[in-house]
1. Name every residue in the stretch A:461-471 that is buried (at least 24 other Cβ atoms within 10 Å of the Cβ) and more than 9 Å from chain B (Cβ to nearest Cβ), in order of residue number.
2. Given the options B:132, B:184, B:177, name the one that is within 30 Å of residue B:225 (Cβ to Cβ), in a helix (DSSP H, G or I) and away from every other protein chain (no Cβ under 14 Å).
3. Out of all the residues in the stretch B:56-95, which are outside any loop (DSSP other than H, G, I, E, B), within 13 Å of chain A (Cβ to nearest Cβ) and either open to solvent by 70 Å² or more (accessible area, probe 1.4 Å) or in contact with an Asp or Glu (Cβ under 9 Å, 6 or more places away or on another chain) (or both)?
4. Across the stretch B:153-162, what is the total count of residues that are surrounded by 15 or more Cβ atoms within 10 Å (Cβ to Cβ) and either at pLDDT 90 or above or among the hydrophobic types (A, V, I, L, M, F, W, C) (or both)?
5. So, in the stretch B:152-166, of the ones that are touching a Pro at 6+ places or on another chain (Cβ under 8 Å) and hydrophobic (A, V, I, L, M, F, W, C), which residue ends up farthest from the other protein chains (Cβ to nearest Cβ)?
6. Of everything in the stretch A:486-537, what is more than 22 Å from the chain's Cα centre (by Cα), part of a helix (DSSP H, G or I), among the hydrophobic types (A, V, I, L, M, F, W, C) and surrounded by fewer than 20 Cβ atoms within 10 Å (Cβ to Cβ)? Give them in sequence order.
7. Test residue B:12 against the stated conditions and say whether it is more than 14 Å from chain A (Cβ to nearest Cβ), open to solvent by 30 Å² or more (accessible area, probe 1.4 Å), out of contact with any Asp or Glu (no Cβ under 8 Å at 6 or more places or on another chain) and at pLDDT below 90.
Amino acid sequence: MPSRFSKATLLVVAALVAGVLTGCSASGNRVAPGDDTGPPVSGGTLRFAVLDAPANLDPHSGSSYPESLITSNITDKLTYQNPATGDIEPWLAKSWDINPGLTEFTFHLRDDVTFSDGTRFTADSVKENFDLLGLGNKQLGIVPVTAYWVGYVGTDVLDPTTVKVTFNRANAGFLQALSLYFSGILGHSTLQLPKEQRSLAQNLVTTGPFTVAEHIYQQKTVLKKRPGYNWAPASRKHNGEAYLDTVEISVIPEAGVRTGALRAGKVDAILDVNNTDEAPLTREGYRIVPQLIPGRDIALDLKTDLFPTNDHAVREAVKLGWNREALAKTVLTPSYKVSSSVLSSRVPGYVDFSKDLQQDQQQAERILDAAGWKKAADGIRVDKDGRRLELALLGINNLVNNKPAYELIQQDLRKIGIDLKLNVLPIPDYTAASTQQQRWNIQVANQSRADVAVLEQVYSPQFTNMSKLAQGDPIYQQAIDTLSAVSKTLDKDQRAKAAEAAQRFLLDEQVLTVPVYNPAQVTAASPKVHNVGYEAQSRNVFYDTWIESR
Amino acid sequence: MARYVLAKLGQAIFVVWGAYTVTFVLLYVLPYDAVDLLFDPNQGDLVTEQDKQNARVYYGLDHNLVGQYLHRLFDAAHGDFGASTRTGEQVWPLILSVLPQTALLAGFALVLAVFIAFAVALTAGYTRTRWLADLVATLPAAGVSVPVFLVGLAVLQVFSFQLGWFPPTGNDGFAALVLPAVTLAIPVSAPIGQLLIKNFDAGLRAGYVTVSLAKGATRLWVLVRDVLKNAGLPALTIAGVTFGNLLAGAVIVETIFSRSGLGRLTETAVRTQDVPLVQAVVVFAAIVFVTVNFLVDLVYPLLDPRLRTRVRTRTSV
């Protein structure tokens, strides 16, 4: 006993000394996702807790984070985007040929792949999937996954392992779109079913390293490893079957309870870690593994069809009027990043615009003064007709940082005479409210897609037209030309040039958007859990994950 | 008596129909187009009018409202509330599948609540120390004013994370039921306790108690034998209120303790605007509510002789 006591005392003293030496640093060691040591062991169950209940398990339409997390683990895609490099690599397609116009994509498929019901994966499987994704099906109630499939003409089966996909316009982003979680390949029996039945766990036939063994809504989803799986992308950490026997994904809605369950050893890893829990968990020895979500950052999208955001000066002032350092210090943790462009730094083609995205309130005030906005008695500016400089913002409260971030911006903008009105709503209310035209000056959301094509998808008047550019507007055609350039080439240099031009157009020339921060997925895991990983769009994938036996 | 029962039954059916109709109006007529809610907000203008029209036809939203209403009402009367727009599962079986969890939680919490209420009321009534009686009498007020989620998080922290006596989450077994039930019982016990304390207070000052005490009965004897009997009956009146408290509390408790159940299902359905599911839950709650009240209405005349005569005279007129 005495010896144990003295050992404990020694440890405490050592800890105190270490604490003093490191200046009582609170940051601790952040465990990077790559530094897991030791040879992987097979077997075991990973107990994983998430915030939101996955409801729609249809891989082609389940879009919430936990839904796409599950479908990312059970489906394979034709192409694989390397999460580290952003490169597009072979997966179910061994190779591909593309015509110079980027309208015809011919894929050469693997011939050794089977679905979880034993049927073979062939060129017909690809055609069946792509026709539903690109065209939808009225009888089955399936709407096409429009954003990624605009201009889809059809798929021709050339032979059992070759297909040709045709578009009526250049689609440089297509290879990357095929790697998205929306593009998972489903078996014939699943694709026959009407929309509602496709989302039921027992109906899912897929080719992935895991299958859904059990799914109880709002309680848990159990993934089981698929025996005989042998077609992982080459750049994964291993090939063959997954290490884990099962993954038990449970739903714990309360952030405090999720962290508590991890600390109490009831679960091995949790997603959706509260900002305030990151530092303490790190100190206690848990791994905090963040990955920035690639695509378009959380950004203030300014509408040009509505007063007063139709005024370039106002948009410019919104860009210059608030403090990014304060955002990083008071709202975000090191897992997140203040935006330095409208594109996430993880997207190939990203250009650092941070020197333009700086607070300069004096400059902002000069611009507003010059444009005829004069401060009224209450400190808010008015134009010559007496109309207030008031901006209605519509945002989603699905991420913990959103509301505090917008409030910070609101306070800063008030100082230069802009009255920002916040409406930060839950997803369904946001969905409904966003259909109200001519009501919002600013809409804020992010878009996860690790390809510069995301900019065309969101801002081009031919697509979502987020800035509501009107046909008569002189910049209407300019926007189409500038943004569509990224879809017209796969040449790395040319595409990078087009990407830079697109970012400059959106951020500097027209100020159609003011990016705020790059959201991240944050996983906290017990030290026994190794290779906590994400696919390119930052959905957890458990294929390489392994766990030390308990 | 038969007419009394039929009248009450008619009232009950009317309430359920009313609940269905009001939710239909709220969900399908106001305030947004139900079709818009089926799509990802970020897809915005990319979803073509044709796609929306296809979805409208697929979900039967293209008929005129009266037609939709009658059609859905007819289906609902046969127990078919359609499929959840989120999960694709049929909503009525979905509700029935989570019902046992909530029934167990609510039942256990109710037993605990009644126990707590009586314990508090008896202590308050029995003790002669004035300040202690007053203190105990304020407990029910405290019970309702402390937020349920705070109680839940506190008991979790102590009994699950620190002491490790009970599992923090899930539905499996009795151990997982204890903390949620205690959490839920506290606010539910409050109105019952309050009523009992008032009635005990009035009862102890009644003439027949003075007589008993004069005859040499102890305070406890009087309390249990005489006062309790008379004070317990009105507690039945608040059964309906208690039921509401149980359901409302279950929403929070099931979320904190990650239990599947009707409360959490309701919360998610509302949050994700899963229209068929919300409607089925409202109708279900209405059915339960009117059933409880119907039973109370039937039981009351049996317990209270004064009501019995009133029912008889009214039905004989």
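1. Applying the first criterion (buried (at least 24 other Cβ atoms within 10 Å of the Cβ)) to the stretch A:461-471 yields A:466-467.
Listed by number, the list holds a single entry, A:467.
2. Working: B:184 fails: within 30 Å of residue B:225 (Cβ to Cβ); B:177 fails: within 30 Å of residue B:225 (Cβ to Cβ).
The conditions single out B:132.
3. Looking only at the stretch B:56-95, we keep the residues that are outside any loop (DSSP other than H, G, I, E, B), and these are B:56-58, B:65-77, B:83, B:90-95.
Going one step further and asking which of them are within 13 Å of chain A (Cβ to nearest Cβ), we end up with B:56-58, B:83, B:90-91, B:93-95.
B:56, B:83, B:90, B:91, B:93 - these are the residues of the stretch B:56-95 that are outside any loop (DSSP other than H, G, I, E, B), within 13 Å of chain A (Cβ to nearest Cβ) and either open to solvent by 70 Å² or more (accessible area, probe 1.4 Å) or in contact with an Asp or Glu (Cβ under 9 Å, 6 or more places away or on another chain) (or both).
4. Going through the stretch B:153-162, the residues surrounded by 15 or more Cβ atoms within 10 Å (Cβ to Cβ) turn out to be B:153, B:155-157, B:159-161.
Filter again for either at pLDDT 90 or above or among the hydrophobic types (A, V, I, L, M, F, W, C) (or both), leaving B:153, B:155-156, B:159, B:161.
Within the stretch B:153-162, residues that are surrounded by 15 or more Cβ atoms within 10 Å (Cβ to Cβ) and either at pLDDT 90 or above or among the hydrophobic types (A, V, I, L, M, F, W, C) (or both) number 5.
5. First, the residues of the stretch B:152-166 that are touching a Pro at 6+ places or on another chain (Cβ under 8 Å): B:152, B:156, B:160-161.
Pick out the ones that are also hydrophobic (A, V, I, L, M, F, W, C) and you get B:156, B:161.
Numbers: B:156: 6, B:161: 4 Å.
If we take residues in the stretch B:152-166 being touching a Pro at 6+ places or on another chain (Cβ under 8 Å) and hydrophobic (A, V, I, L, M, F, W, C), then B:156 is farthest from the other protein chains (Cβ to nearest Cβ).
6. Taking the stretch A:486-537 first, the residues more than 22 Å from the chain's Cα centre (by Cα) are A:488-494, A:497-498, A:501, A:504-505, A:508-511, A:526-530.
Next, from what is left, pick out any that are part of a helix (DSSP H, G or I): A:492-494, A:497-498, A:501, A:504-505, A:508-509.
Now narrow it down to the ones that are among the hydrophobic types (A, V, I, L, M, F, W, C): A:498, A:501, A:505.
Answer for the stretch A:486-537, where residues must be more than 22 Å from the chain's Cα centre (by Cα), part of a helix (DSSP H, G or I), among the hydrophobic types (A, V, I, L, M, F, W, C) and surrounded by fewer than 20 Cβ atoms within 10 Å (Cβ to Cβ): just A:501.
7. On the way: more than 14 Å from chain A (Cβ to nearest Cβ): yes; open to solvent by 30 Å² or more (accessible area, probe 1.4 Å): no; out of contact with any Asp or Glu (no Cβ under 8 Å at 6 or more places or on another chain): yes; at pLDDT below 90: yes.
Spelling it out, it is not the case that residue B:12 is more than 14 Å from chain A (Cβ to nearest Cβ), open to solvent by 30 Å² or more (accessible area, probe 1.4 Å), out of contact with any Asp or Glu (no Cβ under 8 Å at 6 or more places or on another chain) and at pLDDT below 90.
Every residue, every condition in (1) surrounded by fewer than 20 Cβ atoms within 10 Å (Cβ to Cβ); (2) of a type in the set (S, T, N, Q), yes or no:
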residue	(1), (2)
A:416	no, no
A:420	no, no
A:424	yes, no
A:429	yes, no
A:437	yes, yes
A:442	no, no
A:446	no, yes
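The values are calculated or read from the model by the stated rules, or taken from the named source; none is laboratory data. What you see is a predicted model; the values in this text were computed from it and never measured. Note that each Cβ is placed from the backbone with ideal geometry, even for glycine, and that neighbours are counted across all protein chains shown. The accessibility values were calculated without ligands, DNA or RNA, using every heavy atom of the protein model including side chains. Shrake-Rupley method; radii C 1.70, N 1.55, O 1.52, S 1.80 Å.
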